[in-house]
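The values are calculated or read from the model by the stated rules, or taken from the named source; none is laboratory data. Since this is a predicted model, take the numbers as computed values, not measurements. Ligands, DNA and RNA are stripped out before the accessible areas are found, and what is left, the full protein with its side chains, is counted by its heavy atoms. Shrake-Rupley method; radii C 1.70, N 1.55, O 1.52, S 1.80 Å.
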Amino acid sequence: ASAMSTGQSRLTTSTPMAALSPHGHQKPQLRNGMAKRGIEETRTSAAAVSSSSEAAEEPAAKRAKLNDNGDVYFEISEKRRVTVRTHNSKVLVDVREFYDQDGVKKPGKKGIALTAEQWAMIRDFQDEIDDAIAKL
């Protein structure tokens, strides 16, 4: 499976075929294990999304938010979040349960932190995973 970074667009006429995954996503341009665009652009994009009028029309669970560390996160349920963060200079997609302590949400032990490459593999398998779910 090929790697791709989050937030990439589907096939366009200006994208060379060699730069695409089997599902038409652009492959990431990696440097030292991190996407060239970096986390700062992701944070900027998330801030723009959360302030746009289109985001206000979306359900609250779909809107990007920033945590106290400045990391982008998405609430997927009352107790679960997907957070895009860095650790030891690696970009991670962290799917984790949170618990409430004195009115403050804290990350729990239950969860998984995927590298950008692992997240890209899951995205590449999206159609196959959807098919397997539909067969259950």
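Data overview
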| item | result |
| --- | --- |
| Entries of LYS65/LYS109; LYS65/LYS106; LYS65/LYS90; LYS109/LYS135 with Cα pairs more than 26 Å apart | LYS109/LYS135 |
| Accessible area (Å², per residue) of the range 64-135, counting only protein heavy atoms and a probe of 1.4 Å | 69 |
| Residue-wise HN-Hα coupling along the range 121-136, computed from phi with Karplus coefficients 6.51, -1.76, 1.60 (Hz; x: Gly, Pro) | 5, 4, 4, 5, 8, 3, 5, 5, 5, 4, 5, 5, 5, 4, 7, 7 |
